[in-house]
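Notes for the one structure printed next.
Read the figures in this text as sums done on the coordinates, not as results from a lab. Predicted, not measured: the structure shown is a model, and the values here were computed from it. We place every Cβ from the backbone using ideal geometry, glycine too, and count neighbours over all the protein chains shown.
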Ligand code: ADE
């Protein structure tokens with residue numbers, strides 16, 4: 001097998017490409033909406049000549065997105081949006097089999113991670129695609145030299161959208177960015193069912209523990225937390241939800257979960273999963289009351305939800321299984337941390353299943369097409385996915401699943417538009 005290529009890259013091992021291609025093709029079988037878009041893009045070339053830098057998790061699902069964008073005529077470079085989430089065979093296949101410049105190595109250190117983001121910026125993008133806002137942040141801080149060329153972008157995730165809104169509020173965001181996460185066909189499925197399944201999958205793959213009968217504490221009841229709680233409950237765990245938002249706490253309660261403060265919950269937790277998007281959620285005071293043998297995992301975007309510095313103080317640390325580190329504390333308790341506190345679902349498992357990424361990445365592809373046509377007329381700031389795109393994705397997904405739905409009769413349309421008739 002040849003491992004020579006002129007495509008710019010930094011990946012672990014090009015000889016993994018064939019295996020990566022097989023897995024990318026497998027993911028494609030679960031991504032019919034993206035598949036249809038790819039066929040149309042191939043015919044119409046709506047992205048012709050568009051230079052895109054994408055900072056996304058380098059997975060088989062993302063590979064299908066990249067292939068779709070390339071089919072549409074885009075000139076694309078890809079780098080990782082997390083040091084642990086890269087699938088090395090996928091990265092190799094992108095370079096070797098699909099001719100897409102890729103800079104990503106699983107387990108890379110922070111220096112390599114940012115070198116790869118910089119390599120993507122060196123490519124001179126006109127449009128950015130981000131998952132967590134690291135690419136946009138880099139462009140607006142260290143790499144302002146390349147900022148003028150960028151006219152628009154997309155952002156995949158909750159955390160990234162929060163950061164962009166902060167940038168916009170401070171008046172520093174220089175171009176319009178579509179918040180893919182805000183589409184219904186994104187967060188209702190990818191965040192809830194995707195994070196739910198893949199987080200539980202990651203805990204089981206890395207530890208092989210039985211969840212039935214265990215106490216699982218889920219910190220945060222956003223769309224991701226809802227999904228994790230629902231799936232852990234489905235496997236027989238006793239779920240305790242912790243929240244700072246009273247409405248969400250009530251929702252968790254009425255969904256059938258126990259709700260408690262984290263200080264109370266930490267005392268009885270077998271497993272804690274943080275999914276809040278905030279910092280030091282599981283902190284020193286929670287560590288102090290943990291049971292011997294408790295497991296800590298994070299499914300939020302950044303690895304700062306669990307205060308690992310506090311946990312490490314005076315602790316002896318060793319790896320006991322892949323993605324499982326034992327912290328033996330000074331008082332003799334052992335606490336286990338999964339995937340170094342990085343987002344566990346995509347570090348210790350494969351991330352969200354392709355069937356939900358299908359909708360997220362259809363939103364991405366259609367939003368990029370929309371931005372190519374309209375981006376120059378949008379003001380700098382955070383923009384929603386146009387509702388027509390969101391609905392088209394839902395319709396196409398239903399169609400691909402062979403599901404029909406009803407339509408309103410003319411009488412019903414008129415009724416909904418009227419106000420005179422009552423009881
Ligand atoms: N984010 C979460 N899961 C993902 C996946 N499978 N591919 C790309 N990004 C993701």
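One residue is enough: does the stretch 247-268 have a residue meeting the conditions farther than 16 Å from residue 200 by Cα and part of a strand (DSSP E or B)? Checking the stretch 247-268: at least one residue is farther than 16 Å from residue 200 by Cα and part of a strand (DSSP E or B). What number goes with the only condition from (1) surrounded by fewer than 20 Cβ atoms within 10 Å (Cβ to Cβ); (2) more than 21 Å from residue 162 (Cβ to Cβ) that residue 105 does not pass? Among (1) surrounded by fewer than 20 Cβ atoms within 10 Å (Cβ to Cβ); (2) more than 21 Å from residue 162 (Cβ to Cβ), the lone unmet condition for residue 105 is (1). A residue that is surrounded by 22 or more Cβ atoms within 10 Å (Cβ to Cβ), over 15 Å from residue 345 (Cα atoms) and without any contact (Cβ under 8 Å) to a residue 40 or more places away in the chain occurs nowhere in the stretch 189-210. Considering only the stretch 121-133, I want to know if a residue exists there that is assigned to a strand (DSSP E or B), over 14 Å from residue 51 (Cβ atoms) and within 16 Å of the ligand (Cβ to nearest atom). Scanning the stretch 121-133 turns up at least one residue that is assigned to a strand (DSSP E or B), over 14 Å from residue 51 (Cβ atoms) and within 16 Å of the ligand (Cβ to nearest atom).
For the stretch 11-49, the set of residues classified as more than 16 Å from residue 98 (Cβ to Cβ) and touching a strand residue (DSSP E or B) at 6+ places or on another chain (Cβ under 8 Å) consists of 49 only. Could you check the stretch 196-226 and list, in sequence order, the residues that are under 18 Å from the mean Cα position of the chain (by Cα) and in a loop (DSSP other than H, G, I, E, B)? Matches in the stretch 196-226: 220, 221, 222.
The residue of the stretch 73-88 that is farthest from the chain's Cα centre (by Cα), among those that are surrounded by fewer than 24 Cβ atoms within 10 Å (Cβ to Cβ) and away from the ligand (no atom under 13 Å from the Cβ), is 73.
Once the stretch 165-181 is narrowed to residues that are touching a residue at least 40 places away in the same chain (Cβ under 8 Å) and in contact with a helix residue (DSSP H, G or I) (Cβ under 7 Å, 6 or more places away or on another chain), the residue that is nearest to the ligand (Cβ to nearest atom) is 180.
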